[in-house]
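To start, the structure itself, in structure tokens.
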Amino acid sequence: MNIASILAPERTCANVAAGSKKRAIEEAATKIAESEQILEPGDVYEHLMNREKLGTTAIGHGIAIPHCRMDACQEIVGGLFRLETPIDFGAFDDEPVSIMFVLLVPTEEVDDHLQTLAMLARRFESEAYRRSLLTASGDKEFYERAIAEVPIGSSV
């Protein structure tokens, strides 16, 4: 599994204006539902917020991975969003979130859900990868850097 298999350019936004966690998740839900016609923005938002109530999806270093399983979801769907202004997600490191990778998974895909979360967490552990996303100019470059096999600036 790789990011390119779950992320599409139309679900990659480099400058999302949102003043709160709820508003950021609402914007992401709307954008994802625009590209995935089978999904309703209100349902996506509700599922993501219900998951967020169980505990923060912020993983540190300014990254959050809001995620949920949904009956209406036919395949794993990802959306990547860079926030214009970092937002408090209640991260363990107290760093406000600048980048959200939203993940929607079919209800029955428990193993794939966990494997995808693990893959994303590994990618976001890389400081070079995070920096490359933060410095991308525009949606297209943001998407290209997100799906790059080798993070920009790494010495691999």
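Taking the conditions (1) among the hydrophobic types (A, V, I, L, M, F, W, C); (2) over 22 Å from Arg131 (Cβ atoms); (3) part of a strand (DSSP E or B); (4) within 12 Å of the chain's Cα centre (by Cα) in turn, Leu83 satisfies each one other than (2). For the range 14-36, which positions are in a loop (DSSP other than H, G, I, E, B) and either under 13 Å from the mean Cα position of the chain (by Cα) or farther than 20 Å from Val97 by Cβ (or both)? The answer is Glu36, and nothing else. Quick check on the range 100-107. Is at least one of its residues over 18 Å from Ala28 (Cβ atoms) and part of a strand (DSSP E or B)? Yes, there is a match, as at least one residue in the range 100-107 is over 18 Å from Ala28 (Cβ atoms) and part of a strand (DSSP E or B). For the range 109-124, a tally of residues being in contact (Cβ under 8 Å) with a residue 24 or more places away in the chain and over 16 Å from Pro66 (Cα atoms) returns 1. Is there a residue in the range 91-99 that is buried (at least 16 other Cβ atoms within 10 Å of the Cβ), touching a His at 6+ places or on another chain (Cβ under 7 Å) and farther than 19 Å from Ala4 by Cα? Checking the range 91-99: not a single residue is buried (at least 16 other Cβ atoms within 10 Å of the Cβ), touching a His at 6+ places or on another chain (Cβ under 7 Å) and farther than 19 Å from Ala4 by Cα. Residues that are surrounded by fewer than 20 Cβ atoms within 10 Å (Cβ to Cβ), closer than 18 Å to Ile76 by Cβ and aliphatic (A, V, I, L, M) within the range 34-63 comprise just one, Ile38. Of Arg131, Arg82, which residue is closer than 16 Å to Ile32 by Cβ, among the basic types (Lys, Arg) and either surrounded by 12 or more Cβ atoms within 10 Å (Cβ to Cβ) or at pLDDT 90 or above (or both)? Within the list Arg131, Arg82, the selection yields Arg82. Right, Asp139: closer than 23 Å to Glu26 by Cα and surrounded by fewer than 16 Cβ atoms within 10 Å (Cβ to Cβ) or not? It is false that Asp139 is closer than 23 Å to Glu26 by Cα and surrounded by fewer than 16 Cβ atoms within 10 Å (Cβ to Cβ).
Residue-level check: of (1) crowded, with 19+ Cβ neighbours inside 10 Å; (2) in contact with a helix residue (DSSP H, G or I) (Cβ under 8 Å, 6 or more places away or on another chain), Asp88 misses just (1).
For the range 37-74, which positions are touching a residue at least 60 places away in the same chain (Cβ under 8 Å) and either of a type in the set (Lys, Arg) or outside any helix (DSSP H, G or I) (or both)?
Correct list: Leu39, Ile59, His61, Gly62, Ile63.
Taking Ala91, is it in contact (Cβ under 8 Å) with a residue 24 or more places away in the chain, over 19 Å from Leu114 (Cα atoms) and touching a Gly at 6+ places or on another chain (Cβ under 6 Å)?
Against the criterion (in contact (Cβ under 8 Å) with a residue 24 or more places away in the chain, over 19 Å from Leu114 (Cα atoms) and touching a Gly at 6+ places or on another chain (Cβ under 6 Å)), Ala91 qualifies.
The values are calculated or read from the model by the stated rules, or taken from the named source; none is laboratory data. Keep in mind it's a predicted model, so treat the numbers as computed, not measured. FYI the Cβ positions are ideal-geometry reconstructions off the backbone, even for glycines, and counts take in every protein chain you see.
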